[in-house]
Amino acid sequence: MAKYTGPDCRLCRREGVKLNLKGEKCMTDKCPVAKRPVAPGQHGSGKKKLSEYAVQLREKQKLKRIYGMLEDQFRIFYERAAKSKESTGLKLLQLLECRLDNVVYRMGIGKSRTHARQIVNHGHITVNGRKVNIPSFIVKVGDVIAVKDNKTSNGIFTDVKGSKVVMPKWLEFNSDNLSGKILSLPAREDIDYNIQEHMIVELYSR
């Protein structure tokens, strides 16, 4: 499957905001967005007025990059949201938040969404007791997400055990046994990114 293989920090600089693609590095002075907050390339520091289409496109690109998705997969998620009877923008955000790799990241099992995706791909995660190695798997309310019993002693989970992680209201997580539960669907205020989802809906509705 196709995937982006370039520098993650270049994506953050292109969007002009921290997308938290590198985990702890994004919170330090080493973050390239903090050191050089301009778009990459020789014309990156130039300022020009963006058209309405360009603004909508940047919102879509920002959301895609936050969740580590390419266009075809993102379009599938949008079309699924558009078929819902709920607000398309909110439903799209909820579907993205309920991806298994994102839930693993939100629970603090993965240091970043990329790291969480690797953990899922390598078969370390179970949903309701069954191994799931598909990062885009959509979890539902009541699902129990956990690290496989025979993987809990793996070194990558050493720092997670006993740690204190601030959970979104829609999740609970026990860091002692490395398992958590989906309490509800995320509300809009639980999604802590400055995304104007209505612009994405307007872009796809053109």
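The values are calculated or read from the model by the stated rules, or taken from the named source; none is laboratory data. These numbers were taken from a predicted model, which means no experiment stands behind them. Heads up, the Cβs are rebuilt from the backbone with ideal geometry, glycines too, and the neighbour counts pull from every protein chain shown. The area values use the complete protein model at the heavy-atom level, side chains included, leaving out ligands, DNA and RNA. Shrake-Rupley method; radii C 1.70, N 1.55, O 1.52, S 1.80 Å.
Kindly indicate the residue of region 111-130 that is touching a residue at least 24 places away in the same chain (Cβ under 8 Å) and within 23 Å of LYS62 (Cβ to Cβ) and also nearest to the chain's Cα centre (by Cα) among those meeting that condition.
First pass over region 111-130, keeping only residues touching a residue at least 24 places away in the same chain (Cβ under 8 Å): 111-115, 117, 119, 123-125, 127.
With the extra rule that they be within 23 Å of LYS62 (Cβ to Cβ), the set shrinks to 111-115, 117.
Numbers: LYS111: 12, SER112: 8, ARG113: 6, THR114: 9, HIS115: 11, ARG117: 10 Å.
Only one residue fits best here, namely ARG113.
Does GLU202 satisfy the criteria of being closer than 22 Å to ILE66 by Cα, out of contact with any Ser or Thr (no Cβ under 9 Å at 6 or more places or on another chain) and either at pLDDT 95 or above or surrounded by 14 or more Cβ atoms within 10 Å (Cβ to Cβ) (or both)?
So GLU202 passes the test.
Which condition number in (1) open to solvent by 60 Å² or more (accessible area, probe 1.4 Å); (2) part of a strand (DSSP E or B); (3) of a type outside the set (A, V, I, L, M) is the one that GLY180 fails?
The failed condition is (1).
Among (1) farther than 30 Å from LEU203 by Cα; (2) within 17 Å of the chain's Cα centre (by Cα); (3) assigned to a loop (DSSP other than H, G, I, E, B), there is one condition GLY68 misses while meeting the rest; what is its number?
Only one criterion is unmet by GLY68, namely (1).
For region 142-162, which residues satisfy the criterion of being surrounded by 13 or more Cβ atoms within 10 Å (Cβ to Cβ) and among the polar types (S, T, N, Q)?
THR152, ASN154
Determine the pairs where a residue that is over 14 Å from MET199 (Cβ atoms), located within region 73-91, has a partner that is exposed (fewer than 15 other Cβ atoms within 10 Å of the Cβ) and small (Gly, Ala, Ser) with Cβ atoms under 8 Å apart, the partner being 6 or more residues away or on another chain.
From region 73-91, the pairs are LYS91/SER84.
Here is a check on your reading of the model: is GLU86 farther than 24 Å from LEU183 by Cα and either open to solvent by 30 Å² or more (accessible area, probe 1.4 Å) or at pLDDT 90 or above (or both)?
Answer is no for this residue.
Starting from region 131-159, keep only residues that are under 15 Å from GLN118 (Cβ atoms), then list their pairs with residues that are open to solvent by 60 Å² or more (accessible area, probe 1.4 Å) and assigned to a helix (DSSP H, G or I) whose Cβ atoms are within a distance under 6 Å, requiring at least 6 positions of separation or different chains.
Pairs that qualify, where the first residue is under 15 Å from GLN118 (Cβ atoms) and the partner is open to solvent by 60 Å² or more (accessible area, probe 1.4 Å) and assigned to a helix (DSSP H, G or I), are ASN133/ASN121.
For a quick check of your reading of the model, give me the residue pairs whose first member lies in region 160-177 and is under 10 Å from ILE109 (Cβ atoms), whose second is in a strand (DSSP E or B) and open to solvent by less than 20 Å² (accessible area, probe 1.4 Å), with beta-carbon atoms closer than 6 Å and at least 6 apart or on different chains.
Once the first residue is under 10 Å from ILE109 (Cβ atoms) and sits in region 160-177, its partners that are in a strand (DSSP E or B) and open to solvent by less than 20 Å² (accessible area, probe 1.4 Å) give PHE173/GLY180.
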